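The values are calculated or read from the model by the stated rules, or taken from the named source; none is laboratory data. None of the values given here were measured: they were computed from a predicted structure. Cβ atoms come from the backbone with ideal geometry, glycine included; neighbour counts cover every protein chain shown. For accessibility, only protein heavy atoms count, side chains too; no ligands or nucleic acids. Shrake-Rupley method; radii C 1.70, N 1.55, O 1.52, S 1.80 Å.
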Amino acid sequence: MLTRIARLFVAAQSPVVSGRANRLFVARFASTVGHQSPNLSISYTCKVCNSRQGPKQFSRKSYQEGVVLVTCSGCDNHHIIADNLGWFSDLKGKKNIEEILKEKGEEVKRGLELLLAGGSGLTAIMNPARGDMVAAMGETTAIQPVLQNIKKRMDSDDTGREILRLKPRITEESIDRMRLLKLPDGTFGREYARFLDDLNTSPDNRPQVKYVDDEDLLYVMRRYRETHDFTHILLEMKTNMLGEVTVKYFEAIQLGLPMAILGSIFGGARLLTNNRRELITRNIPWVFDQATNARLFISFDWENHFDIPIKELQKVLNVTPIDVYPHV
């Protein structure tokens, strides 16, 4: 399964598929779960570039039970047609384009196909003026079965099981940043303190988990969010776009979180040509090996290893630094 997903990730970032990359990946990734023959389509006017689009095809099952995104061939913006899983919090509970338009006093004209009457209700999630809405989605929601699977994997690990029992937090109070600043350069704790200082941020700035009801699953999501920076440090990835996308690939492969999957794909599509080439030829092969072979990061007790040099910690977690990885 990982090998197949790896090929799909690379295909989605390839310049050869250009503007079709994102929609091709979403469609093909969905096919790993099961193929659905398209029996609905939609035509609309993109409000971003004012071009007529469609018909865009998708399955009835996806429209009624899943998530449907379509891509404008004129400006490459992505529009939400259906969201029955609650991935996109800005829809405020509305499940499809019909409900979105109804609130605006508009309607979808139905025939043999779904035909949009205007398109003003379409929500662009990659409009450069708005930023990457996939990142916003990642801060607000997750799919319950995915979180349950992560919890199950943590339960099967001795340290992960203890983390679930104690539910430690990564906060300004718990890390004691002044102590970390006094640690030797190159130690995990010192580099984490430097990471926070360089970004002028604090672990307390992470938004609270709001949309997960189960207490244990809420903690899994919180743990993922609070240890995201540790992944950056262990992988030695900067917080620029290329570094963020690479980390999202790692998280997508290890955890399977939809927001990490979509964040890696949509974020990669926004890279400049040279950075995208580096992502495809250098970072993706490396990060797939690391995510596949490394220990499950979310099950690691990071807070008990601040004194350890990063190079030693990489060995403990079975991570090969990208600078010494044997690239072809």
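Things worth noting here:
- The mean accessible area for residues of the range 37-102, using a 1.4 Å probe and ignoring ligands and nucleic acids, is 46 Å² per residue.
- With protein chains left intact and a 1.4 Å probe, residues in the range 151-301 average 45 Å² of accessible area per residue.
- The residues neighbouring Asp158, those whose beta-carbon lies less than 14 Å from its own, together hold a net charge of 0 under the Lys/Arg +1, Asp/Glu -1 convention.
- Among the listed pairs Lys61/Lys94; Lys56/Lys94; Lys47/Lys210; Lys47/Lys248, those beyond 24 Å (Cα-Cα): Lys47/Lys210; Lys47/Lys248
- Cross-link reach list, lysines versus Lys311, counting only Cα pairs under 19 Å and skipping chain neighbours closer than eight places: Lys182, Lys238
- For the range 184-191, 3J(HN,Hα) computed residue by residue from phi via the Karplus equation (6.51, -1.76, 1.60; θ = phi - 60°) reads x, 4, x, 6, 4, x, 5, 6 Hz, glycine and proline entered as x.
- Relative contact order [Cα under 8 Å, 6+ residues apart], the range 130-315, whole percent: 32
- Our coupling estimate for the range 216-223, obtained by passing each phi through the Karplus curve with A = 6.51, B = -1.76, C = 1.60 and θ = phi - 60°, is 5, 5, 4, 5, 4, 5, 5, 4 Hz, Gly and Pro reported as x.
- Debye intensity ratio I(q)/I(0), log10, the range 37-102, q values 0.15, 0.19, 0.27 Å⁻¹ (C-alpha model): -0.46, -0.73, -1.26
- Ranked by the mean number of other Cβ atoms within 10 Å of their residues, highest first, the peptides 50-59, 203-212, 287-296 come out as 287-296, 50-59, 203-212.
- The range 261-328 - percent of accessible surface contributed by carbon and sulfur, probe 1.4 Å: 51
- Estimated Rh, the range 130-315: Kirkwood, alpha-carbon pairs, angstrom: 17.1
- What the Cβ-Cβ distance of Glu236 and Glu106 gives, at R0 = 56 Å and to the nearest 0.05, is a FRET efficiency of 0.65.
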